[in-house]
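See below for the structure under consideration.
Where a number appears in this text, it was derived from the coordinates with a stated rule and is not lab data. Worth saying up front: this structure is predicted, and the values here are computed from it rather than measured. Cβ sites come from the backbone with ideal geometry, for glycine too, and all protein chains shown count toward neighbours.
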Amino acid sequence: MDLLEELATFVHDPLGFVLFAFPWGEPGELESATGPEPWQEQILIDLGRGLTSLGQAIRLARTSGHGIGKSALVSWLILWGMSTFPDTIGVVTANTETQLKTKTWVQLAKWYRLFIGKEFFNMTATKLCSVDPEHENTWRFDMVPWSERNTEAFAGMHNQGRRILLIFDEASAIPDLIWEVAEGALTDKDTEIIWAAFGNPTRNKGRFRDCFPGGKFAHRWQSAAIDSREVSITDKAQIDEWIKDYGVDSDFVRVRVRGVFPRVDSESFISYELAVAATERTPLPPRGDPLILGVDVGRFGDDPSVIFPRKGRDAATLGVEVLYGADTMETASRVAATFLRLRANMAMVDGGGVGGGVVDRLRQLRIPVVEVDFGSAPDNDDVNDRAKYRNKRAEIWGRMRIWLKDGCLPPRVNGVEMSLVDELTAPTYGLDGNETIQLESKKEMRRRGVKSPNLADALACTFAYNMYIPAEADHELPPSITPDYNPYERERVMQ
């Protein structure tokens, strides 16, 4: 049996391949090593078991702290995949092109150099391929930096009847669009499809987070977290310093040591945990809070208008309305009907763009309405919030974030789980030169492939102004509407 045939015997035994293919314990770079770390060994075993009972694509996801040997495992998977199945094709990408070139591909070059079967493959700066000229383009593995403007490398991964290997390194920061394109491409029948995603859990939202318990795609992925303290090759002195400095349950240690997602996403304005907790909370009995309708008016083709009622801490039980393809007149009519049906006290409507038409029509219908101008100056007067905001939209999202600590949200909107949570946690934020908070705009979100947060913006509108209702008012009666009503009357707005 020649070497290539011997390597092929490990087609469904990745762990056996790793133990056979590298010079463990021999003089040189692996002289003091006996084989994979226990966590690496386990994932190789899990992969092998999946291959022997292949019914669908194998999806493996691991979060981890620093220094555990993740790049080495990625290299072994690539070399195993290429060496044990003829005409395998694959792609590896990472969070950044720098990570891909200076870490992932450099590690592959190291293990390729140590590999017993390197004579069968050529390695260049961007690909690993068969030395056989007839198979050079059909038996190859490519390093591909992702681009939201050019997804063809991920969309074209078809290899009917053979093997496809897709690896995401530092997967937490790879955009959802790339995940979606890759998933749509992995549909070949009777094909070994292996998708592995690794990374530090730096972001508490997105497709990598959704691979793990609590995420919407967790049922499809075999996932686990690797604690750096339990891996022999990590720097234990550095880990101890981090724990002393930050605390074992700090987000810093959770991400860099324990491999656990942070409580607060470093980039999200609203954390994933905060939003999810609100969907799991039971609303308290109604009290004398005003009932406010928040309205976000859709501006583009499949961009819906949303009517979101909130009464105090309850935004879960009154029913959210999502209107697709409604013009301004239809939207205004639906808002008016909902206002009267729920006996609401005020409608707060995003007046930007075509929203101004909805505001004008509601005034004609004598519905109490306040126009919310997202780009206007903030009040910056909330006693419960020391943060300062650049504009009104950032401010009302800040008020909503405080409310979420005790507020109640619907777990489903239009029968869809997690959509509201996704929208609440989608916008990032930054500080301008005056140290005021600037929320990511809808335009910026669309540029990175994230849909407009219409549900979340509608809820945020309910926090535009604090309503004051006299204690003697009968809240069960329909609102009194008079022709001389002034929606800008400051006595109706508590500072």
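Between D87 and D381, what length in nm is gained on full extension when 0.36 nm per residue of separation is reduced by their alpha carbon distance?
99.3 nm
Less than 16 Å apart at the alpha-carbon level, and either on another chain or at least 8 residues along: which aspartates and glutamates does that give for K103?
Here the aspartates and glutamates satisfying the reach criterion relative to K103 are D142, D169, E170.
Could you list R203, R140, R287, R229 in order of exposure, starting from the residue whose Cβ has the fewest other Cβ atoms within 10 Å?
Final ranking by Cβ density, sparse to dense: R287, R229, R140, R203.
Out of all DSSP beta bridges in the chain, what portion is antiparallel? Express it as a percent rounded to 5.
Percent antiparallel among DSSP bridges in the chain is about 40.
Could you pull out which residues in segment 64-79 have an amide N less than 14 Å from a spot 7 Å beyond the Cα of Q238, following the Cα-Cβ vector?
In segment 64-79, the label zone of Q238 (backbone N under 14 Å from the point 7 Å along Cα→Cβ) covers 65-71.
Tell me the mean residue ellipticity at 222 nm calculated for the chain from its helices only (DSSP H runs of n ≥ 4, each -39500 (n - 2.57), averaged over every residue, nearest 500).
-8500 deg cm²/dmol, from helical runs alone.
Please list, or write none, the aspartates and glutamates whose alpha carbon is within less than 16 Å of the alpha carbon of K216, excluding same-chain residues fewer than 8 places away.
Partners found: D176, E180, E183, E273, E280, E417, D422, E423.
Mind checking which aspartates and glutamates have their Cα closer than 13 Å to the Cα of K189? Skip sequence neighbours fewer than 8 apart in that chain.
Once the sequence-local aspartates and glutamates are set aside, nothing remains near K189.
Anything over 24 Å Cα to Cα? Flag those among K392/K451; K110/K205; K405/K443; K101/K442; K70/K451; K392/K442, in the order listed.
Among K392/K451; K110/K205; K405/K443; K101/K442; K70/K451; K392/K442, the Cα-Cα distance tops 24 Å for K110/K205; K405/K443; K101/K442; K70/K451.
Using the count of nearby Cβ atoms within 10 Å as a rough guide to exposure, how do T317, T282 rank from fewest to most?
T282, T317
Quick check: from the Cα gyration tensor, does segment 3-267 come out rounded (a/c under 1.5), prolate or oblate?
Because a/c hits 1.5 or more and a/b fails to exceed b/c, segment 3-267 counts as oblate.
Could you work out how much longer the chain between D360 and S32 gets when fully extended? Use 0.36 nm per residue separation minus the Cα distance between them, nm to one decimal.
110.4 nm
Please arrange M157, M82 by counting, for each residue, the other beta carbons lying within 10 Å of its beta carbon, fewest first.
M157, M82
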